[in-house]
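The next block holds one structure in the form of structure tokens; read it before the comments.
Computed from the coordinates by the stated procedures, all read-outs in this text should not be read as laboratory data. Just so it is clear, the structure is predicted and the values come from calculations on it, not from any experiment. Cβ coordinates were reconstructed from backbone atoms using ideal geometry, including for glycine residues, and neighbour counts include every protein chain displayed.
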Amino acid sequence: MLAIVTLAFLLVIVTLIPNIAPGDPARKIAGGTASPERLIEVTESLGLRDSVATQLWKLVKSVGTLNFGDSFSVAKGEPVMSLVWTALGNSAKLVMLSLIVIVPLSILGGLITAYKKDTWIDRTIINVGIAFSAIPDFVAGVFLLAFLAVPVDFFKVQAAAPPGSSYLTQIQHLLLPVIAVLMVYFGYIARVTRAGTITALDSDYTRTAFMRGLSTPDVFRKHIARNALQPTVAVLGTQLGYLFGGMVALERVFGYQGVGNLILRAVDRADYPVLRAGVLAVAIIYMLATLSADLLVAYMNPRARQSLGDN
Amino acid sequence: MTVTESHTPEPADPSEHAALAIDGLEMSYIVRGKPRKILRGVSFEVRPGEAYGLVGESGCGKSTTAYAALRYLPGNGVIDAGRVLSGGEELTAMSASQLREFRAQRASMVFQDPVQAVNPVLKIGTQVAEAFQVMGQSKSEARVSALAALERVRIAAPESVMERYPHQLSGGMLQRVVIAMGLACDPNLLVLDEPTTGLDATVEAEVLDLVRDLRSELNSAILLIAHNLGVIRTMCDRVGVMYAGRIVEEGTVAEVFDNPSHPYTKGLLNSIPRRGLRKTDRELFAIPGSAPPIGADLPFCTYIDRCPIATDICRSAVPPIVDRSDGHWTRCHHADRIGDVPEPDEVTVPYDIGTEQVIGVEGVSKTFRQRGHEVPALVGVDLGFAEGETLGLVGESGSGKSTLAKTMLGVHAPDEGGAITLRGRKMADKATSRVTESVRAISMVFQNPDSALNRAWTVRRILQRSVVKLTGIKGAAADKRVEEIAEAMQLSPRHLDMRPRQLSGGLKQRVAIARAFAGDPEVVVCDEPTSALDVSVQAAILNLLARLQNEERSSYMFISHDIGVVRYLADRIAVMYLGRIMEIGSTATMFDGTNHPYTEALLSAVPNVDGVAEDRIPLTGSIPSPANPPPGCVFHTRCHRAIAGLCEVTVPEMVELSPGHSIKCHLTVEQLQEPIDVDASIISAEAAALLD
Ligand SMILES: Nc1ncnc2c1ncn2[C@@H]1O[C@H](COP(=O)(O)OP(=O)(O)OP(=O)(O)O)[C@@H](O)[C@H]1O
Ligand code: SF4
Ligand code: SF4
Ligand SMILES: [Mg+2]
């Protein structure tokens, strides 16, 4: 229900973008020296002469048919959707690979620091995590380029592998951006996990489980995990959506054609069809990610499940 | 009498057969790198089949001892000395896997809050079955055993309970579940840490009944920790009184409670209202001072700073164990001088209650609307408060006590037709539209002073604000008034410049009371003001309330689940059920044996410090939902005296049994006095509640 409202709201915003963007979008596309006739033509093809309501309706239709027409300037003449699909595919590779590395590592980090709370292990891991997450992702990227990609041949400057490369080669190319993402996210997710785990470790039901004679790994597996990881799952949901569209700078540094990069180029060149489609795609992914995280949390927590059912 | 120089003069060797023997146990918690001593040589034994109680003020180390009994140490806990044995085997020397084996097969522990003690995300059946799986049963065997275990704790509809999640069960049912899990291994040793604290008196009584029954069935040894001395008295064979990490007195419950031999035990017992004590008889004894600072090094008597009969020798050596009678000992240098401990002061000022009604609650109903349903939380409540009078209000949780308090304060507006009156004149319904005169007339003291006091402000500022707002006094006069109030509360000027978090629970409650008195109120509503406090702190607060009332001539509405405390303080008592007053009368008449059946059941549920309670009348099931009150007498679904064909049809009127003593019941005095045949039918009522 809420998702539909959000989606409607989003459509309106996306419709409005070219209408409220500063400067004349047509001029930007057609170039500074274009004749007035040419400008009118471009404005028309942008659909900006229609009323906002008509534009909105057209956009809804585009979403329904998954057809946003052709790109104006980013890749002139190509169907917008094919650009978006390619970019989404690239982003998905990067995001998924990042998650495969980040999730287990930072959860493990969180569990260990919670279990070893207030020891040097805890302090070391958490402080390193905090220090790294204070570095912006693109700065981390630049450092990695300078200190790893340049001297070590194994690490690649370009995140995109040459067309037709094997999966392994693709992964090899993606390693540096993944490490950069890991540096940014590890501390954050580890700390969320640590907090949740400390609460769970400190609870009477954990004590009950220990008193019942369960071994420590069993207590973690059967009693702590599902309680402690609820906040982590919720956070991962929002961050997953963010990773899809929010790694613009990192994609730039590594010359990677992800959605972030695509949207940026569309903004640059006032390619509104691409911009609209890109933003909508990212927003929908964000919503889906958050929603699935909520559902997962609800699955983990019977009480949340009940309140979800009440709505 | 001999004085031993050794720091840990302990009784003879722990016996081979004790289900639990703790021997000279010293424990510390490491806080910020430094060890803090918590247990200073604790020794006691629990024999098979015996129930041993441990009492003492908050923080004295009871829970630490309980955990140690299963060798469970918090991450920062260390055992400095001593041993823990069970059946002759030394837990303190066991390997991790031996210890797991011991916990799985031979010992169990039940914690205070059942809601916390079960995993919120797992079905009850899974959790109970797990207790059997750790003993080596297969998954399917474990489920069969789990069902049997739930049946054994007489839980309603066990099959359905297996499939439920913890939040779908009441506190009382959860505590049964926890006990069922604890009993899975037929433990030789069952440790219960405050198992009924936080449960309603009626539910508490049911859980205690269950433990008592199981005990005779199982022959397991029980270590029971409770701060409620009544619970210990009714449940245990022997008791150890703990103070600042040492056991200072031990003996049978009868010996220790009726013939206390340590000044601390005596102080503790004098701080609770016993044997029907009233405020008109004598003050409660508030042990002066406070427990020694946590972790202090105390190579002498820990009680010295609070002891009325201390001498120099008490500061030079840990007191020896002095036998009083068989198995009853005390750890005191002056055990023979226990008679010198002064008795609390007699009350000399007579209590004097005015005749004029100051505040009136007249025909007050309060209906909440919830998702289109009407929920009557109060139904036709009539009450009057005379000057200087205390009205006690009792009833199970959910009976509407706090709603009544909030309606009087103007937080809720009563339904059309009802009114709160001040000297006969109707007040505005909502506090926001009341004139200052009315606002200052009613004030409130809450159970939890933490949430009631602004944490960012100093005590002075908190009080000043109330004085200025309610009395209009300003400037130097207001400052003076604040100091006067503080003095009346026995708060020192030093406290005025502290913030709430720097104060102990008892001091915070004093500040809350001071604030309640800032506007010179006609009636102060006290909602469980002492239930979060230790008994000796509670005693000081109750004394203070009694004294203030006599000086300021204000009335109290005193809400409490502790019947003993209500009896001590209240002049009249009203009993509430499902938003209705079921009985009201003077405190004396309430305890003369003729009561509304609901009151009768409530009173019989109170565990008594002065001896074994009589047969408890089971109050089965839980309070029906106020959204759906039963027809006829609202109590008939749980009434042990209900008359079929009458009670579920006709609503009883309030009838006056004797002047000032009225009940809402169809029965005559003779019928009410007939002895009843207690037939526990807990299961059926709970099942009915579950099917709702
Ligand atoms: N893990 C811990 N680290 C540091 N101090 C602790 C720890 N656990 C308990 N303490 C302190 O040790 C003292 C004894 O605690 P314990 O819980 O045994 O008391 P208790 O008698 O059970 O009190 P209560 O009646 O409040 O339950 C208290 O002062 C408490 O603050
Ligand atoms: S008389 Fe001495 S030894 Fe006995 S309790 Fe008092 S201070 Fe302690
Ligand atoms: S009226 Fe009937 S049901 Fe109600 S209290 Fe009296 S005897 Fe019980
Ligand atoms: Mg405790």
Whole-Hz couplings from phi, Karplus 6.51/-1.76/1.60, listed for region A:176-187; x for Gly and Pro: 5, x, 4, 4, 4, 4, 4, 4, 5, 8, 3, x
Reciprocal of mean inverse Cα separation for chain A (Kirkwood radius, Å): 22.1 Å
Listed peptides A:127-140, B:504-517, A:149-162 by packing density, highest first (mean Cβ within 10 Å): B:504-517, A:127-140, A:149-162
Interchain or long-range residues, amide H under 5 Å from B:Ser365's placed H: B:Gly380, B:Val381, B:Asp415, B:Gly418
Overall form of region B:423-535 per C-alpha gyration tensor (a/c, 1.5; a/b vs b/c): oblate
Inter-part distance where region B:132-178 and region B:312-352 are each reduced to a Cα centre, Å: 47 Å
Rel. contact order, % - alpha carbon contacts under 8 angstrom, at least six apart, chain A: 23 percent
Estimated distance in nm for a label pair at A:Gln170 and B:Thr668, the labels positioned 7 Å out from Cα along Cα-to-Cβ: 9.3 nm
Under the Karplus curve 6.51 cos²θ - 1.76 cosθ + 1.60, θ = phi - 60°, whole-Hz ³J(HN,Hα) for region B:404-416, x wherever Gly or Pro sits: 4, 4, 5, 5, 4, 6, x, 6, 10, 8, x, 5, 3
Helix-only CD estimate at 222 nm, as mean residue ellipticity for chain B, using -39500 (n - 2.57) per DSSP H run (n ≥ 4): -9000 deg cm²/dmol
Among beta bridges that DSSP assigns inside chain B, antiparallel share in %, nearest 5: 65 percent
Length-normalised contact order for chain B - Cα pairs under 8 Å, 6+ apart - percent: 13 percent
Around A:Asp118: net Lys/Arg minus Asp/Glu count, Cβ-Cβ under 14 Å: +4
Listed residue pairs exceeding 20 Å between alpha carbons, taken from B:Lys279/B:Lys508; B:Lys430/B:Lys508; B:Lys366/B:Lys508; B:Lys366/B:Lys426; A:Lys117/B:Lys34; B:Lys401/B:Lys430: B:Lys279/B:Lys508; B:Lys430/B:Lys508; B:Lys366/B:Lys508
Charge sum, other residues only, whose C-beta stays under 12 Å from B:Arg455's C-beta, Lys/Arg counted +1 and Asp/Glu -1: +3
P(r) weight above 29 Å for region A:93-245, C-alpha pairs, percent: 29 percent
Burial ranking of peptide ranges A:6-14, B:280-288 (average Cβ count within 10 Å, highest at the top): B:280-288, A:6-14
Spatial separation of Cα centroids for region A:85-132 and region B:543-618, in angstrom: 59 Å
Unit charges on C-beta of K, R, D, E only; dipole of region B:357-578, Debye: 860 debye
Extent along principal axes [Cα atoms of the protein assembly as shown; Å; largest to smallest]: 108, 73, 68
Viscosity 0.890 mPa s, temperature 25 °C, Stokes-Einstein D of region B:357-578 from Kirkwood C-alpha radius, µm²/s: 138 µm²/s
Hits among lysines - C-alpha to C-alpha of B:Lys469 under 16 Å, sequence gap 8 or more where chains match: B:Lys480
Unit charges at the beta carbon, dipole of the protein assembly as shown: most positive-side option, B:Leu147, B:Pro624, A:Gln230: A:Gln230
Sum of -39500 (n - 2.57) over DSSP H runs of 4+, divided by residues of chain A (222 nm, nearest 500): -24000 deg cm²/dmol
Label-zone membership for region B:538-559, site B:Asp610, 7 angstrom Cα→C-beta point, backbone N under 19 Å: B:539
Shielding of B:95-107 by partner chains, average beta-carbon count, 10 Å: 2
Shielding by other protein chains, A:210-222, mean Cβ within 10 Å: 6
Bridge type composition, the protein assembly as shown - antiparallel percent by DSSP, nearest 5: 65 percent
For region B:328-454, size of Cβ-based charge dipole, Lys and Arg +1, Asp and Glu -1, in debye: 800 debye
Average Cα contact separation per residue, region A:203-304, under 8 Å, 6 or more apart, as relative contact order %: 33 percent
Test item: A:200-207 mean partner chain Cβ contacts at 10 Å: 6
Set of lysines near A:Lys76 by C-alpha distance (under 20 Å), chain-local residues within fewer than 8 positions excluded: A:Lys28
Counting DSSP beta bridges with both ends in region B:357-578, the antiparallel % (nearest 5): 50 percent
Computed label-point distance, nm, for sites A:Lys116 and B:His373 using a 7 Å Cα→Cβ extension: 5.3 nm
Alpha-carbon spread of chain B, three principal axes, descending order, Å: 74, 63, 48
Stokes-Einstein D for region B:115-184, Kirkwood Rh over Cα pairs, 10 °C, 1.306 mPa s (µm²/s): 138 µm²/s
Point-charge dipole on Cβ atoms (K/R +1, D/E -1) for chain A, about Cα centre, debye to 20: 660 debye
Those lysines that a straight Cα-Cα span of less than 18 Å connects to B:Lys139, excepting residues fewer than 8 apart in one chain: A:Lys222, B:Lys123
Region B:45-79 versus region A:135-159: alpha-carbon centroid distance in Å: 57 Å
